[in-house]
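Quick notes on the structure that follows.
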């Protein structure tokens with residue numbers, strides 16, 4: 001059941017629990033060797049109990065397989081696990097449901113091998129995308145007297161055009177329901193005025209919009225914006241539409257990680273560091289990324 005997922009896969013893949021027995025019986029007739037069960041609750045699932053129900057259903061299918069004559073030894077619990085902290089459902093909330101369900105239906109002594117597909121979990125925060133402002137458009141607004149006390153009211157709206165878009169790394173907006181928001185490369189001054197802005201990709205397509213509405217200062221062509229958590233379903237599916245090239249990839253690490261690597265090279269494996277000091281950083285600020 002992926003009805004509570006952002007990206008649903010059931011429209012194309014899978015079988016209902018009711019259909020499984022017939023499929024297993026047909027597989028037996030054809031001489032196929034069914035070795036296990038695979039399920040996927042969809043990417044961006046918002047209800048952790050969905051995983052528990054899927055594991056329970058998988059147990060039923062294993063029992064059906066045994067009755068038909070299969071020796072099933074593999075369970076694949078799928079993927080879609082969040083890889084960043086800006087999600088409604090945290091990874092820890094999911095594992096708090098999955099682990100007890102596995103202990104109940106597939107205990108350690110059951111002989112069942114359990115695998116998963118945690119691609120997003122591993123790579124989402126591994127990339128911070130840096131885009132360059134290549135053009136800018138200023139739209140003058142009409143200001144009424146009633147707007148004078150509105151802190152966000154401005155005489156202009158800004159449109160920024162950057163060197164990557166939905167045909168490149170931001171294809172995740174179209175295909176992965178992503179809502180990326182920019183981060184300033186340089187910290188603004190405390191009194192710096194902010195404006196309503198939109199951000200656009202470089203191609204000829206009017207669909208090539210990255211952010212419809214955000215607040216940014218008055219920036220200039222040549223300045224940079226950062227987008228965190230851009231490792232999953234971004235560069236891997238990008239194209240060179242309109243002749244715009246895919247972004248270059250540079251490997252960086254936080255100062256803490258660099259110091260740890262230096263210590264390993266010089267002295268061997270160090271005493272384990274506290275978990276909080278080893279958390280992966282996806283932000284160019286922490287990596288001291290010079291743009």
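A few points about this structure:
- Residue 223 touching a strand residue (DSSP E or B) at 6+ places or on another chain (Cβ under 9 Å), closer than 27 Å to residue 88 by Cα and touching a residue at least 60 places away in the same chain (Cβ under 8 Å): no
- Unique residue being touching a strand residue (DSSP E or B) at 6+ places or on another chain (Cβ under 7 Å) and at negative phi when the list is 19, 15, 5, 27: 5
- Set side by side, the residues 93, 85 differ, and just one is assigned by TED's automatic domain parsing to the domain that holds residue 51 and under 22 Å from residue 57 (Cβ atoms), which is 93.
- Where residue 4 falls short, out of the listed (1) assigned to a loop (DSSP other than H, G, I, E, B); (2) at pLDDT 95 or above; (3) closer than 29 Å to residue 174 by Cβ: (2)
- Selected residue [touching a helix residue (DSSP H, G or I) at 6+ places or on another chain (Cβ under 6 Å) and either part of a loop (DSSP other than H, G, I, E, B) or closer than 30 Å to residue 228 by Cα (or both)] from 81, 70: 81
- Each residue in the range 179-203 was checked for being under 30 Å from residue 120 (Cβ atoms) and modelled with pLDDT of 90 or more, and 13 of them qualify.
- Checking 84, 66, 43 one by one, the residue that is more than 30 Å from residue 223 (Cα to Cα) and surrounded by fewer than 19 Cβ atoms within 10 Å (Cβ to Cβ) is 66 and no other.
- Selection count where residues are over 20 Å from residue 7 (Cα atoms) and in contact with a strand residue (DSSP E or B) (Cβ under 9 Å, 6 or more places away or on another chain), scope the range 36-58: 4
Per-residue answers, yes or no, for (1) loosely packed, with under 13 Cβ neighbours inside 10 Å; (2) at pLDDT 90 or above:
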| site | (1), (2) |
| --- | --- |
| 222 | yes, yes |
| 227 | no, yes |
| 230 | no, yes |
| 234 | no, yes |
| 240 | yes, yes |
| 243 | yes, yes |
| 247 | no, yes |
| 253 | no, no |
| 257 | no, no |
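The values are calculated or read from the model by the stated rules, or taken from the named source; none is laboratory data. Since this is a predicted model, take the numbers as computed values, not measurements. Positions of Cβ are generated from backbone atoms using ideal geometry, with glycine treated the same way; all protein chains shown enter the neighbour counts.
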